[in-house]
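What follows is a short report on a single structure.
Here, each number is a calculation from the coordinates, and none is a lab measurement. Being a predicted model, the structure only gives us computed values, none of them experimental. Positions of Cβ are generated from backbone atoms using ideal geometry, with glycine treated the same way; all protein chains shown enter the neighbour counts.
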Amino acid sequence: MRLRPDPTIGDADLRRGQRALVRDAAWASVTGSLYGGVILVGFALALGAGPFAIGMLAAIPFIGQAAQLPAIALIERLRQRRKIAVISVTIARFLILLLAIVPLVVATGRGAITLLLVAQLVITVLGSLAGCALNSWLHQLLPREGLGGFFAKRLFWGTASGCIGTLAAGLFIDHWPYAEKLHAYSVSFGIAGLAGFVSAWFLTRVPEPQMTQAGPHTSVIAKIAAPFHDPNFRSVLRYILAWNAATNLAAPFLAVYLIQQMQLSLGTVTTLWVTSQVANAFVLYIWGRLSDRLSNKAVLRVALPLYFLCMLGIAFAALPGVADFALPLLYAVHIAMGAAAGGIGLATGNLGLKLAPQGQGTSYLAATSLVASVTGGIAPLIGGALAHWFEAAGLSVVARWAWSGVAGETTVLSFTRYQFLFVIAAALGLYVLHRLSAIREGEEISERVVIQQFALEALRTVNQVSTIAGLLGNLVTFGRVFERRLYARRSAVSNRATTDSAQSAHEAANDRGHEPRAATDRSD
C-alpha cells in the first residue's frame, strides 16, 4: 500500500483514481448513514438528550472544522496528503467501532450523552483533518473541465448508498424489541465502522501528485489570510457563511421535530430522509451538466429559493388544518428539498474548487471549511436555545364568524417550538440570495434559462429510460421551441455582427475615396 505522493500520474492512473473516489464516496456514505444523520439523532434521543444536546451534537461537526488550522501547517510540512487523509479516517472509523459498545456498558443519562459528544468531537476533528488534505489533493489532481459531471457521479453513488444504509438502519432499529432498542444502535455503529475501513482502502487507490509551491514560501498565517484578501473569493466566503447560518439554524432539528412534535416513528422519518436523498440522486447528473454548461451561480439562483420554500412547507405541515394530508405533504416537500439540496451542495462545492487559484487550494478550500465551521457550529447552538425558549411560546391566528345567531371559529395559523425555527431559516434565505449575487463567475445567466435547461435535461433523461416517456417527450414541443428560440437568437447576433463588419468596411472605403465592390459583382 503506497501512501507517498506519486512522481508521475498518467491518464490511466487518473481514471483509476476517479473510479476509486466514486467507490470511496459510496462506502463513506454507508458509514455516515449507519452512524450519523437521523440514526445519530435517534440514538441521542434514546439516551435522553434534550434540545441543547441535540444542537450541540449538530454543532460539533462544524466546531471540529477548527482542525483545519493545524491541518494546513501539517500538510505544508509533511506534503503527503494521501497519508494524512487515510490515517485520519482510519482512526475515526475505529472510534466509531468503539462507540458501538457505549450502549452495552453505559446506562442512559447525562454520562452517556457526554461520552457520545466527546466521541463525536474526536471523530469530526479527525474527519476535518482528512477533509483538508483531501480537498487540496483533489484540487490539484482533477482537471477543472468536467468537475460538475464527475462530482455529480460521485455524489450520486454516495447518495444512493446512503439511502440504502439509512433506510435499512431505520427499519432495523424500528423493529428491534423496544426494551433493548439501544442494542440495535450498537449493531448499526459496528457495521458503520467496518464499512469505513473499506472506504479508507479505496482512498489509498487514488493517485496523489507532488505538491507544487505557488510563489515564494509564506507563513501559515499568510496562507490562511490570502483567501480573505481576494475580493471575489471573499464574496464566496460571505455566501458560505450566510448559507450555513440559515440552514443549520433549523435543519439539525428536522428529525427531532418530526419525531417529537409530529409524533412520527423513526422508520417513517428515515423513509422521508431516503425520499429526499433519492430525489437528490436523480437530479444530480442534471445539476452537474448545468453547472458545467452554464455556471454554478446560475444553479444556485434556482436551487436556493426552492430549498427555503421547502423550509416554510415543513413548518406548515404541522398546522391543524392540514393534519389529514400532512404526511403526503411532507413527502412532497422532502422530494423538492432533496432536489434543491443536490444542486446547492454540488454548486457550492464547485464554486470553491473553481475560483481557488491553482497551487493555493489548501489554504483557499480550508478557508471555506473554516467559515462554514464557525457559522455552522454557532447556528445549531442558537437554534437549540431558541427551541428551548419557544417551548413555552406559541403563535396562533384564529378566524371567528357569526351569522344568523350561529357563531364559530377556526384556527388559521398555529406555530409552536420548532416551527418558529423553520420560518426564521426561510426568512434568512433572502440574505443568502443577496450574498450570492455578489459572486462573479463568468457570464450572468437568468433563472429562466436554468429552469428551461433543467426541463430539457429532465426530458432527455426520461426519454433515455422509458420508451413511453420518450413518445411523450417527442409530443411535448417545449424543448424544440426553446432550442429554436436559442438558434434564432444566435443567428440574430451573428447577422448583426456581419452587418456591423460590412458597415465598417464601407466607411473605411469612403475614407480611402472609393466605394467597396458589391459582393455580387464579378471582376472583368
Query raised in the report: Is there a pair in LYS83/LYS297; LYS153/LYS297; LYS297/LYS354 whose C-alpha atoms are over 23 Å apart, and which pairs would that be?
Result: LYS83/LYS297
**Report entry** For the stretch 430-437, 3J(HN,Hα) per residue [Karplus equation, 6.51 cos²θ - 1.76 cosθ + 1.60, θ = phi - 60°, Hz, x = Gly/Pro]
**Finding:** 5, 5, 4, 5, 5, 5, 5, 5
Requested in this report: List the residues whose amide H sits under 5 Å from the amide H of ASP6, counting only those 5 or more places along or on another chain, with H placed 1.01 Å from N in the peptide plane.
Outcome: GLU208, GLN210
Query - Gap separating the Cα centres of the stretch 20-46 and the stretch 57-135, nearest whole Å - result: 14
Report summary line: Sorted on mean Cβ neighbours within 10 Å (highest first), peptides 445-453, 293-301 come out as 293-301, 445-453
Requested in this report: Obtain the nm distance between the two label points defined at LYS181 and LEU319 by a simple spin-label model: each point lies 7 Å from its Cα along the Cα-to-C-beta direction.
Outcome: 3.1
Query raised in the report: Counting pairs of alpha carbon atoms under 8 Å apart in space and at least six apart in sequence, what relative contact order in percent does the stretch 220-367 give?
Result: 34
Query - Highest average packing first - 348-354, 71-77, 28-34, Cβ atoms within 10 Å - result: 28-34, 348-354, 71-77
